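Down below is the structure, laid out as structure tokens.
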Amino acid sequence: MDSKVLNFVLLTLIISGMVINNLEGLYTFKMVFNSFAMIVFVLVGCERLYRYTQKDKKSIKQKV
């Protein structure tokens with residue numbers, strides 16, 4: 001996934017999370033949305049960590 005697209009997705013997720021959490025009521029929707037947001041953040045973190053480790057391995061192999 002492109003880094004700019006990923007940053008935009010995270011920004012919109014954070015802003016929409018702030019808006020939804022400030023609404024009164026809708027407790028079930030808040031719970032579902034917060035769970036979805038947490039899953040997305042974990043997946044994005046894993047993807048970035050995977051990219052970082054792959055980039056690091058490539059630079060180590062090129063040095064040898």
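The values are calculated or read from the model by the stated rules, or taken from the named source; none is laboratory data. Since the model is a prediction, treat every value here as computed from it, not as a measurement. Here the Cβ positions follow ideal geometry from the backbone for every residue, glycine too, while neighbour counts run over all protein chains shown.
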**Prompt:** Looking at this structure, is VAL40 surrounded by 11 or more Cβ atoms within 10 Å (Cβ to Cβ), at pLDDT 85 or above and not small (Gly, Ala, Ser)?
**Reply:** yes
**Complete:** Subset of the range 5-30, residues in a loop (DSSP other than H, G, I, E, B) and either among the acidic types (Asp, Glu) or surrounded by 11 or more Cβ atoms within 10 Å (Cβ to Cβ) (or both), comes to GLU24, LEU26
